[in-house]
Amino acid sequence: MADRRTRSMKNSNLSRTAVNRASMIALQLQGESSKLLELYRQKESFPADATDGRLVLVPPPSSQLDTRDKLWRLHSALLQTQSLLERAITKEEEELGGGIKGEYENQRKTVKGRLSFLLLTTGNLLKAVDGAASLTPSLEGLELDGPATLFQLKLWLLQVFSEVHHWSKAAVTTLQELLTNAADERSSTTRVRSTRSARR
Amino acid sequence: MPKLIFQHTLKLNCSFPWLICVLVNLLALNTHAQTIPTVPKQVSLSADLSVKELTISWFGGAASTFDLIILRTEFNTSVFYDTISATMNQASGRHEWKWTSAEPLECTSLSVRIRSRDGLATSEWSKMDTFPGRDLPSNNTLQMYPHDRVVEVGSNMTFCCIVKEGKTFKEMLYGNTVMNVTRLSRRSYATTLVNVEPTGVSGSNIVCRLEDLSLDGAVMFVGYPPLPSDFVCETQDLKSAECHWKEARDSHLTGGRRRTRYSVNSRNCNVDLQLTCRLPLWDGNWTLMAENSLGHYSLSDSAELIHRVRPVAPVNLSSVVNAWNATVMWQWTYESYFTLDLNCQVESTNHESKTLHVFSGVGLRSVKLSGLHPDQAYTVRVRCGHQKYFWKWGNWSQTFSFKTQTDVTDPPDVWMWMNKDRTGLVVWKPLGYQQSHGRVTGFEVTLWNPEDVEQHTQILPPNTYSVRVNLTEMASLGVNKKVFATVVVKNIKGASPPSRVPLRFIDEQPLVLSKPVFTNNRLFLFWQQNATNTCNYLVEWLDTSCEHDCPVKWIRVAAGSTNVSIESENFKPGVRYNFSLYSCPSDSPQLITRWQGYTQELVPSRSVPLSVKSQDSKVVITWGEIPLSDRRGFVLGYNVYISNGSELALLANLSSSEMRRYVVKGLSVGNYKFTVKSYTSAGEDTGSTASITLEPFTDALILEMLGALGTITILLIIVTFICYKKRNWVKKAFYPDIPEPKLPGDWSRLQGPLDVRPSPHSMVHIVEKPERDFNKETLVVIPEEEEYFEKDEPVDTDEPMSLRYYNQVVDDRPIRPRFPDSSASSASSLDSGHTDVTYTGIQTSGSSLVFQPDPQGSSEEQPPEVVLYDGGYKPQMHPKVLSDDVVLKSSNPFQESEAASSVGYKPQCSWHLDSPTDTAETSSLAPSLGSPTSVTSTQFLLPDGDGDEKNKQQPSSAAATWFSNLLLSSKP
């Protein structure tokens, strides 16, 4: 355990900048996905309370999860979100697309790009923590049965965009937690060292 | 039916009448039984949900008319009830009828019953048959119908929402609008959209919400059927066909599967990028079919291949370049073009100037472009069309660039400016890109005289466009010799042809400087044509204020021209320019005419120098001229203002630039500010202000007073002089001779006792008679004897004599007694102004005057009261004398009344006899005679207060009285 903690701290210290950077990207995605959601609601005249339920399936959050597990959970959720978003965009273009691209379409493209960037960043963090190679998202339960109607497709799109927004917020929170934990570990390490040197 | 047969058998056993009745009845019954329609059987319901159509079929026997009722099953409400005609399908033997519902058929269950009808006869209703809706309990979900419907603009659409069991319906929304809802069944609610508008790419949503915020909805697309236009087919490779068309109307159905599908001659077309369809062979006839969810539309076209050639763009352009021309070459993609009769356009661009060259030929692949300029970069592109059967220009080729070769430059445009001191400038214009023909390496300027061999040459670097010359330093050129300057431009190809200009001072000034015309951002100059002049012209312009080494600009004009226009960008606004027209500028320039003017006038940039000074009570405002460079326009005049607090009040508008003085009159003492603003056609300048304070003008006041005094003095002198000169007339007019009284009858015979001795103690009373004598005191003769006063009246005895009264005019003649009595005459003499009364003592009224004015006696009827004293003067009545003046008496009522009085004044003959030589004595008696008199008194007469007040009112009336007396006395 001590070895693991030491390794974890070491890795945390190494990836502090990367975590901070990932946090900033997540923050950007949070704003952009919020705007996308708003644009879509306006475009389709959906009420603000028009969506419920989750599409992304990940283990529930827990305080018992360590850094690696938290990153795993986040990364997995983001992977599922990305998959959902790509399918949503494709489906929307097929069924409802065409015509001149406007602000909504541009925002959709921006969110898609930002999410991919965040995924890349969190993937790197995960590699730094665990040394794992690539992660394959679990798309179980994400298969779209094929919305029976276009209205259901539109509701599903709204859900997907809500998921992007939800997990961008979750990413901000998780990454901030990692930064805070890293700072705490660093300060406790400094205290231990100073105590030892005082004893000597 | 069996029952009816049964009845018929029973009636056969009855009697004959009954039999007849029964037969009639049976006949009737039989007839009736034959017309009863059969009840429809095996009713079958089927639906086409997409078009909300319910198909009802049944076995209806021979009947063709049926009554049909359709009910909403759950609420048992009728949605259709009518008599219909349905034909029997010969193959199946079933009748069939279609009914279109307003609501989607899924909304709720519908029940159908049918009965046959034959006229008024109807069958029984068929057994109820039901088409189940989606609101059955077994289908317990939130649903919305219809889904994803595409409708035409202007349609009406009904949607229904089926709520879950146990849930409560809240609302239906179209966009953000809450719709009116009709309840169709226990769980089904419907709303209708009327005259729907076109929707966007993703359609419009109709949302059904429940109270628990769960929702479902439907998407609706509203648009138009396709409407293509301008369908044409053409060829580029001379084999295949390429067809194009346009959409005349936006269908609004562009998303997903709703977009319009196109096919040409049944071949599907990919129209993702543009509305084009390619066919491998030239069919000659084509049909375009456009189709979407709302309908289809077709267009046709037919043509021969040669008539529809739109050539491809030439490729692989190349060139062979010279200084003044170039050959452009290209290639064709298809060999079939080599035999094609082509018409080609070559567009060359040089410094953003485009030129279009047109060439023709069979299989054209190269053209020669002429009219190019040396050392210039050109960009060309080519396109072609069929020459004989021109259809359309082909596409432009890719652009191709080349640069022409260099050549010697054109001769420069040279002109000069000469000062009066034989110095000056030789100037030339920078060579444009079309004149330099290559990079300029320098200039060579040579001064020379045709008669001399010696030349003065200067080599100048490029970018030099003037050189200063001083002819006085060139001894060989002489003072009066004709000097020319020659300028040559050099580039890498060599020297240009020379340009020359004669150097001489042209100081001729035309009589009239006219103004140029400036319109539409151009300046126009006009002049008369001179038939003798065969040279070119040159128009030169420069800033008028420039005098030495002026940077002249010029433009050359062809011989025979009578006008020129110059771009306004050559001029600055607010600058006055001199424009000079010269003939033969290269040999012997002659000034033809000169203009002066502005391209744009501005308000003066500087105000006038102003001075204000006071002159007497006037203020003189003077100002100077604005320097020429600051006028910025022709000064049209000046406005003179006076500062009125914070505002300027216009005093004068002087509409002449020559008037630079203004006089302000009638100003009172005070401080004044004056502002003078010059103005041009552009407006006023800011103005110059000067103030002045006007002081009180004391010298003028003194002068005025002195003048007035002098005038009075002169007038007095003149009057005196006139009076002196006309003294005889004056004497006659104002002091006529008093005629001697003529005594009628015998003087010695007296009719009554006559006291010839004048009373030594006579007294003249000044009797105040306001009404009659205008309150004027009357002189009363006061006796001189002291004892008399001591006896009767208290007298101021300080003075020896209280009153001396005498006539100033010495007249030896006997005094003619005048009418009226002496007291009245005395009053008249006092009023005349020619009476001098001198008081040498003061006598109080109470002591000196024996006459006291009686308030009662002021009435007109009462004459002045005369108090007589013992031993004093006694007037004598003399009727004869009175009758002599009867005429006068009638004109004076006062006198008339006085005459009636028993105490009237009567002149005494004896009085005259005693008095002639004794001036003092006689004069004391004379006042009663009415002539101008002088009264001298040694005592002051102080009338009482009342009398004094009344005296103030006397002068005018007294003067009038005196004047009337004067008139009377002058009468014969």
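Quick notes
- Scanning segment B:375-391 turns up no residue that is farther than 28 Å from B:Tyr433 by Cβ, in a helix (DSSP H, G or I) and of a type outside the set (Ser, Thr, Tyr).
- Output for segment B:208-221, where each listed residue is surrounded by 24 or more Cβ atoms within 10 Å (Cβ to Cβ) and more than 8 Å from chain A (Cβ to nearest Cβ): B:Cys208, B:Met220, B:Phe221
- Scanning segment B:163-189 for residues being within 14 Å of chain A (Cβ to nearest Cβ), outside any loop (DSSP other than H, G, I, E, B) and among the hydrophobic types (A, V, I, L, M, F, W, C) gives a total of 3.
Quick grid of which residues meet (1) farther than 15 Å from B:Arg383 by Cβ; (2) touching a Ser or Thr at 6+ places or on another chain (Cβ under 8 Å):
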| site | (1), (2) |
| --- | --- |
| B:Tyr337 | no, no |
| B:Cys344 | no, yes |
| B:Glu347 | no, yes |
| B:His351 | yes, no |
| B:Ser370 | yes, no |
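- Residue in segment A:41-63 that is within 14 Å of chain B (Cβ to nearest Cβ), among the β-branched types (Val, Ile, Thr) and part of a helix (DSSP H, G or I) present: no
- Count - residues of segment B:441-478 that are within 17 Å of B:Met418 (Cβ to Cβ), of a type in the set (Gly, Ala, Ser) and modelled with pLDDT of 90 or more: 1
- Subset tally (residues that are closer than 24 Å to A:Pro147 by Cα and either at the interface with another protein chain (Cβ under 9 Å from one of its Cβ atoms) or touching an Asp or Glu at 6+ places or on another chain (Cβ under 8 Å) (or both)) for segment A:91-106: 8
- Qualifying residue in segment B:128-146 (condition: in contact with a helix residue (DSSP H, G or I) (Cβ under 9 Å, 6 or more places away or on another chain), crowded, with 20+ Cβ neighbours inside 10 Å and part of a loop (DSSP other than H, G, I, E, B)): yes
- Flag for B:Val380 being out of contact with any Gly (no Cβ under 9 Å at 6 or more places or on another chain) and modelled with pLDDT of 90 or more: yes
- The condition (being at pLDDT 90 or above and of a type in the set (Val, Ile, Thr)) is satisfied by just one residue among B:Thr599, B:Thr622: B:Thr622.
- With respect to the conditions (1) of a type outside the set (D, E, K, R); (2) surrounded by 12 or more Cβ atoms within 10 Å (Cβ to Cβ); (3) modelled with pLDDT of 85 or more, B:Phe721 falls short on a single one, namely (2).
- B:Phe231 vs. criteria buried (at least 17 other Cβ atoms within 10 Å of the Cβ) and within 11 Å of chain A (Cβ to nearest Cβ): no
- The residues on offer are B:Phe505, B:Phe524, B:Phe518, and the sole one that is aromatic (Phe, Trp, Tyr), surrounded by fewer than 19 Cβ atoms within 10 Å (Cβ to Cβ) and assigned to a loop (DSSP other than H, G, I, E, B) is B:Phe505.
- Only listed residue being touching a Leu at 6+ places or on another chain (Cβ under 7 Å) and at pLDDT 80 or above, chosen from B:Leu68, B:Leu29, B:Leu45: B:Leu45
- Residue match in segment B:123-135 (condition: away from every other protein chain (no Cβ under 14 Å), basic (Lys, Arg) and either farther than 30 Å from B:Arg258 by Cβ or touching a strand residue (DSSP E or B) at 6+ places or on another chain (Cβ under 6 Å) (or both)): yes
- Every listed requirement among (1) facing chain A (nearest Cβ under 10 Å); (2) under 55 Å from the mean Cα position of the chain (by Cα); (3) not small (Gly, Ala, Ser) is met by B:Val153 save one, (1).
- Among the residues of segment B:659-671, those that are surrounded by fewer than 18 Cβ atoms within 10 Å (Cβ to Cβ) and either within 15 Å of B:Glu647 (Cα to Cα) or modelled with pLDDT of 85 or more (or both) comprise B:Met659, B:Arg661, B:Val663, B:Lys665, B:Asn671.
- Boolean, B:Phe359 is outside the structural domain of B:Val489 (by the TED database), assigned to a strand (DSSP E or B) and aromatic (Phe, Trp, Tyr): yes
- Here A:Leu119 fits the description: away from chain B (no Cβ under 14 Å), part of a helix (DSSP H, G or I), at pLDDT 70 or above and within 25 Å of A:Pro60 (Cα to Cα).
- Whichever residue in segment A:51-60 is touching a residue at least 24 places away in the same chain (Cβ under 8 Å) and surrounded by fewer than 21 Cβ atoms within 10 Å (Cβ to Cβ) and, among such residues, is farthest from the chain's Cα centre (by Cα): A:Thr51
- Only one of the listed residues (A:Ala77, A:Ala88) is of a type in the set (A, V, I, L, M, F, W, C), within 14 Å of another protein chain (Cβ to nearest Cβ) and outside any loop (DSSP other than H, G, I, E, B). That residue is A:Ala88.
- Residue within segment B:255-277 that is out of contact with any strand residue (DSSP E or B) (no Cβ under 7 Å at 6 or more places or on another chain), within 14 Å of chain A (Cβ to nearest Cβ) and under 30 Å from B:Asn180 (Cα atoms) present: yes
- Flag: B:Arg117 matches the condition of being in contact with an Asp or Glu (Cβ under 7 Å, 6 or more places away or on another chain) and surrounded by fewer than 23 Cβ atoms within 10 Å (Cβ to Cβ).
- When residues of segment B:613-637 are limited to those that are closer than 18 Å to B:Ile692 by Cβ and among the hydroxyl-bearing types (Ser, Thr, Tyr), the one nearest to the chain's Cα centre (by Cα): B:Thr622
- Test set (1) surrounded by fewer than 17 Cβ atoms within 10 Å (Cβ to Cβ); (2) away from chain A (no Cβ under 14 Å); (3) at pLDDT below 95 - B:Thr192 fails condition number: (3)
- First in segment A:118-129 and buried (at least 16 other Cβ atoms within 10 Å of the Cβ), second anywhere and of a type in the set (Val, Ile, Thr), Cβ under 8 Å, 6 or more apart: A:Leu118/A:Ile25; A:Thr121/A:Ile25; A:Leu125/A:Val19; A:Val129/A:Thr67
The values are calculated or read from the model by the stated rules, or taken from the named source; none is laboratory data. Note that the coordinates shown come from a computational prediction; the quantities given were computed from them, not determined experimentally. Neighbour counts are summed over all protein chains in view; Cβ atoms, including those assigned to glycine, are modelled from backbone coordinates with ideal geometry.
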